[in-house]
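Encoded as structure tokens, the structure appears first; notes follow it.
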Amino acid sequence: MATIKQFSSASNEITNTVSTVAVTENSAISNAIFTAAATNTSSLSFSLTGADADLMTIDRNGVVRLKSAADYESKPSYRFNVITTDATGNSTAQSVAVNVVNVDENIQLADGLNAIGTITVIRNAPVNHSIIG
């Protein structure tokens with residue numbers, strides 16, 4: 001997970017050191033893509049703003065998750081801001097960028113067969129018998 005440190009307010013300082021993270025395409029939506037680490041978290045609330053904030057959630061512990069699996073071909077990156085607000089209403093923001101790592105979803109097998117193709121294997125064939133071609 002990432003960590004960031006840019007805030008001067010001691011009551012709600014975010015202590016992360018990284019503002020750019022990566023997520024692998026098609027990862028489970030239960031996986032955290034970012035966790036805001038902050039001082040005094042018992043009295044803070046977390047929220048999201050920014051261009052892609054509506055595509056993710058943040059829980060009371062500052063854990064950010066996508067609402068649907070990342071798809072590099074349709075959206076190769078996300079941008080959002082993590083907002084921390086303390087009990088007195090003071091808030092601070094941290095910009096975060098998430099880059100989606102592309103995964104080859106059309107794996108090619110020998111002789112141009114793809115992962116969806118069908119291969120017939122002869123029963124009791126010798127160990128070194130070719131099953132393709």
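T49 meets all of the listed conditions (1) over 15 Å from the mean Cα position of the chain (by Cα); (2) surrounded by 14 or more Cβ atoms within 10 Å (Cβ to Cβ) but one, namely (2).
Tell me whether the stretch 114-130 contains one or more residues that are touching a strand residue (DSSP E or B) at 6+ places or on another chain (Cβ under 9 Å) and at pLDDT below 95. For the stretch 114-130, residues touching a strand residue (DSSP E or B) at 6+ places or on another chain (Cβ under 9 Å) and at pLDDT below 95: present.
Hey, any hits in the stretch 19-27 for a residue that's touching a Lys or Arg at 6+ places or on another chain (Cβ under 7 Å) and modelled with pLDDT of 90 or more? Checked against the condition, which is being touching a Lys or Arg at 6+ places or on another chain (Cβ under 7 Å) and modelled with pLDDT of 90 or more, the stretch 19-27 yields no hits at all.
Scan S95, S68 and give me the residue that is surrounded by fewer than 16 Cβ atoms within 10 Å (Cβ to Cβ), hydroxyl-bearing (S, T, Y) and within 15 Å of A28 (Cα to Cα).
Working: S95 fails: within 15 Å of A28 (Cα to Cα).
Result: S68 is the single residue among S95, S68 that is surrounded by fewer than 16 Cβ atoms within 10 Å (Cβ to Cβ), hydroxyl-bearing (S, T, Y) and within 15 Å of A28 (Cα to Cα).
Considering (1) surrounded by 13 or more Cβ atoms within 10 Å (Cβ to Cβ); (2) under 14 Å from V82 (Cβ atoms); (3) modelled with pLDDT under 95; (4) more than 15 Å from the chain's Cα centre (by Cα), the lone condition that A32 does not fulfil carries the number (4). The set of residues in the stretch 28-62 being on the phi > 0 side of the Ramachandran plot and either part of a strand (DSSP E or B) or touching a Gly at 6+ places or on another chain (Cβ under 9 Å) (or both) is empty. Scanning the stretch 56-78 finds one or more residues that are touching an Asp or Glu at 6+ places or on another chain (Cβ under 7 Å), closer than 13 Å to V96 by Cα and of a type outside the set (D, E). In the stretch 63-105, the qualifying residues are those that are charged (D, E, K, R) and either modelled with pLDDT under 90 or part of a strand (DSSP E or B) (or both), and the one that is nearest to D52 (Cα to Cα) is R79.
The values are calculated or read from the model by the stated rules, or taken from the named source; none is laboratory data. These figures come from a predicted structure and were not determined experimentally. Positions of Cβ are backbone-derived with ideal geometry, glycine not excepted, and every protein chain shown enters the neighbour counts.
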